[in-house]
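Accompanying notes for the structure given below.
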Amino acid sequence: MINLGLQSACDEALYQLGLDMEELEEIEEDAGLGNGGLGRLAACFLDSMATLGLAAYGYGIRYEFGIFNQKINNGWQVEEADDWLRYGNPWEKARPEYMLPVHFYGRVERTEGGAKWLDTQVVLAMPYDTPVPGYRNNTVNTMRLWSAKAPNDFKLQNFNVGDYIEAVLDRNLAENISRVLYPNDNFFEGKELRLKQEYFVVAATLQDIIRRFKSSKFGCRDPIRTSFETFPDKVAIQLNDTHPALAIPELMRILVDVEGLDWDKAWDITRQTCAYTNHTVLPEALERWPVFMFEKLLPRHLLIIYDINQRHLDAIAARFPGDTDRLRRMSLIEEGQPKRINMAHLCVLGSHAVNGVAQIHSDIVKKSVFKDFHEMNPEKFQNKTNGITPRRWLLLCNPGLADVIVERIGEGFLTDLQQLRNVLKFTNDDAFIRDIARVKKNYDLAIDPDSMFDVQVKRIHEYKRQLLTCLHAVTLYNRIKLDPSREIVPRTVMIGGKAAPGYHTAKLIIKLVTSIGQVINNDLAVGNKLKVVFLENYRVSLAEKVIPAADLSEQISTAGTEASGTGNMKFMLNGALTIGTMDGATVEMAEEAGEENLFIFGMRVNDVEEMDRKGYNALEYYERLPELKLAIDQIQNGFFSPSEPHLFKDLVHMLLNHDRFKVFADFEDYVRCQEKVSELYKNPTEWTKMVIRNIAASGKFSSDRTITQYAQEIWGVEPSDVTIPPPNEPLF
């Protein structure tokens, strides 16, 4: 409604019907079709592509059940199915006329005419289209999501009377492909159903793209183009992490087996068409599929990958003769039990451009993750720092702040966020400072409004270090207990996020947060000085409430582990100050605003690398820092879990003995930095001035800027600011 300029008209129309827009928005289900950051980034990108007038499509799976709903039961996370389609989805349109077949299993036969993939099982991909309107430019793009349908003859070819019911029930097996989203974030789980999902979305999408390429005239479905020479000029495919990596062998299969191109020409077209975005450096997140699974599920693609790999290894051997170790490191096939296919290597090899999502991340990608590939083809590697759409993450979720800014600098910043620099001249304007401070305290959350809202909302993961926030909260609590008369800035610490259902440590971290909250929030000696709250079922609609209300944004991952982060940008744009490590896009936030306008602490990437070389000794910090020792002892000895004293022994054992993310190493500096935060918060005027400087510096972090860079530097297209005339006006 905001993008179409219809918000006021819709509000008024609903009011006249006796309905309330806000109540309706509360009832509407989130379409939770992604895991945290990656899916939300894609949504911001779709908004920007439409706003920039790019002819772009977003493709994915129409999961019947999205990311689970999180319930907290006795302090533990419990997962509930997210039946978001229960009452239908009014924004989508089924397009059965574009339904496409997707093949699985079968066998490969070599013939004179080339390889043939035979005796396959077919599943149908039914597209559902959702419109994506640009911001007030009358451009509407499409997000097309595929749903799996069993063909009518599924398993019925060879039935006899007794098998009929069984065969009809077995249709579920085919339709399970789009049943549920795998809820792992930054963790690879090699399940066959997941591989089926990855191929399903890729196979359907490529058929769709090629059909559209062949139909040169709008509205005409007759295949006209037969030459693929111009394919890379007309089509760009951006692989959003390795999940759609199968697009590379699938496009090769279509070009070679179906369209009859020779291998070298097909490979050239594939490479020029595809580009790959890497979103994580964590080794456990990289997809490495067992060869035996491919052999069974996608036998033709396995042979294509073998062929790609052979030519790749030949090229390496020619360039670096005798370097067998390099061959092993760069191969698409990892030897071992079982043999595995490294999907990230496949993506790098089959793409003409490879990018990370923040400068520091792109540097790590070149220096370590894909070091050998960078040495071979340095020209491929780029950076595209992530961004967020200001339409959703300011105008929609924080209209009060947007109004205050519009009053001073006009509306231009909504499509050119760099114009926020113009608010810098109001940094010392008393009325502006008052307006910003007023907006920051006008929110809809039932907690002490006079306390500082100290917020960490993101997936629960060891590398994001929610444990550091917990240790700080316990340290504050101990200080209050030691000296109740001590003047302290009241804080409400809010932690929210989902843990992958099989990630025991992450679920234990949630239990620790709730247990610490249980003790602190019920201690009369503490009163309103400190509260610890776990925000249940963190999702986009909750983020839209929490982010505008936050005073302090926690971005405290170990340096070198967070690829970019986008929550950090949303907080900055909405006037929260950041306490963070020099990691991900926070580094660039500090560059834009000046490091003195963020609360930066902790080890830098080179310090972490140095510590890895020397060895990290958690015990040394534990013995040297009395406040850390006290907090750890309390957690370990059941102070926060009196009915189960040993509940957190695994967490403490991990922190003391094998903590890959070095929580203790940054504890002292983090606590010191938090003291600076409290000191500044005591001076509301100076705090608000720093808020204004942060808002003014957030212009770089618009997804419009990110997409413009993708368009110009990878896809070879130019964004347009032309507004198409509305349908009731003539085009020319």
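Pairs are defined by a Cβ separation below 6 Å, a sequence spacing of at least 6 or placement on different chains, a first member in the stretch 405-416 that is without any contact (Cβ under 8 Å) to a residue 24 or more places away in the chain, and a second member that is polar (S, T, N, Q) and surrounded by fewer than 19 Cβ atoms within 10 Å (Cβ to Cβ); the pairs so defined are 409/422; 412/419.
So, of the residues in the stretch 564-597 that are open to solvent by 10 Å² or more (accessible area, probe 1.4 Å) and in contact with a Gly (Cβ under 7 Å, 6 or more places away or on another chain), which turns out to be nearest to residue 361 (Cα to Cα)? Ranking the qualifying residues of the stretch 564-597, first place goes to 565. Under the condition of being in contact with a strand residue (DSSP E or B) (Cβ under 9 Å, 6 or more places away or on another chain), of a type in the set (Val, Ile, Thr) and either surrounded by fewer than 11 Cβ atoms within 10 Å (Cβ to Cβ) or farther than 30 Å from residue 643 by Cβ (or both), the residues counted in the stretch 74-114 number 2. Here residue 239 passes the criteria (1) surrounded by fewer than 20 Cβ atoms within 10 Å (Cβ to Cβ); (2) outside any helix (DSSP H, G or I); (3) modelled with pLDDT of 95 or more except the one numbered (1).
Picking from 591, 544, which residue would you name as being acidic (Asp, Glu) and under 20 Å from residue 405 (Cβ atoms)?
Values: 591 fails: under 20 Å from residue 405 (Cβ atoms).
Only one candidate qualifies: 544.
Only residues that are part of a helix (DSSP H, G or I) and without any contact (Cβ under 8 Å) to a residue 24 or more places away in the chain were counted in the stretch 655-678, giving 1.
In the set 170, 185, 153, 163, only one residue is modelled with pLDDT under 95 and crowded, with 17+ Cβ neighbours inside 10 Å; that residue is 185. Of all residues assigned to the stretch 253-273, none qualifies as being in a strand (DSSP E or B), under 23 Å from residue 311 (Cα atoms) and either among the aromatic types (Phe, Trp, Tyr) or modelled with pLDDT of 95 or more (or both).
Counting only strands (runs of 3 or more DSSP E) wholly contained in the stretch 473-584, the ones carrying 3 or more residues that are in contact (Cβ under 8 Å) with a residue 60 or more places away in the chain occupy 530-535, 552-555, 577-580.
If I ask for residues that are assigned to a loop (DSSP other than H, G, I, E, B) and open to solvent by 40 Å² or more (accessible area, probe 1.4 Å), which ones from the stretch 698-724 would you list? Answer for the stretch 698-724, where residues must be assigned to a loop (DSSP other than H, G, I, E, B) and open to solvent by 40 Å² or more (accessible area, probe 1.4 Å): 716, 717, 718, 720, 721, 722, 723, 724. Restricting attention to the stretch 622-675 and to residues that are more than 33 Å from the chain's Cα centre (by Cα) and among the basic types (Lys, Arg), the residue that is most open to solvent (accessible area, probe 1.4 Å) turns out to be 624. Does residue 650 fit the bill of being in a loop (DSSP other than H, G, I, E, B) and in contact with a helix residue (DSSP H, G or I) (Cβ under 7 Å, 6 or more places away or on another chain)? Taking the combined requirement at face value, the residue does not satisfy it.
Given the criteria outside any loop (DSSP other than H, G, I, E, B) and out of contact with any helix residue (DSSP H, G or I) (no Cβ under 6 Å at 6 or more places or on another chain), does residue 627 qualify?
No, not satisfied.
Of all residues in the stretch 48-58, none satisfies being buried (at least 20 other Cβ atoms within 10 Å of the Cβ) and within 23 Å of residue 501 (Cβ to Cβ). The set of residues from the stretch 115-128 being open to solvent by 20 Å² or more (accessible area, probe 1.4 Å) and either aliphatic (A, V, I, L, M) or under 22 Å from the mean Cα position of the chain (by Cα) (or both) comprises 118, 122, 124, 126. Within the stretch 542-558, being small (Gly, Ala, Ser) and either surrounded by fewer than 24 Cβ atoms within 10 Å (Cβ to Cβ) or not assigned by the TED database to the domain that holds residue 417 (or both) holds for 543, 549.
For the stretch 274-311, taking the residues that are part of a loop (DSSP other than H, G, I, E, B) and of a type outside the set (Asp, Glu), the one that is nearest to the chain's Cα centre (by Cα) is identified as 279.
If you go through the stretch 8-33 and keep only what is part of a loop (DSSP other than H, G, I, E, B), within 34 Å of the chain's Cα centre (by Cα) and among the aliphatic types (A, V, I, L, M), you end up with 31, 33. Cβ-Cβ distances below 6 Å connect the following pairs, each with a first residue in the stretch 182-204 that is farther than 17 Å from residue 144 by Cβ, a second residue that is surrounded by 23 or more Cβ atoms within 10 Å (Cβ to Cβ) and hydroxyl-bearing (Ser, Thr, Tyr), and a separation of six or more residues or different chains: 186/280.
The values are calculated or read from the model by the stated rules, or taken from the named source; none is laboratory data. Remember, predicted model here, so these are calculated numbers, not experimental data. As a convention, Cβ positions derive from the backbone with ideal geometry for all residues, glycine included, and neighbour counts pool all protein chains shown. The protein model used for the area step is the full one, side chains on, heavy atoms only, and it has no ligands, DNA or RNA in it. Shrake-Rupley method; radii C 1.70, N 1.55, O 1.52, S 1.80 Å.
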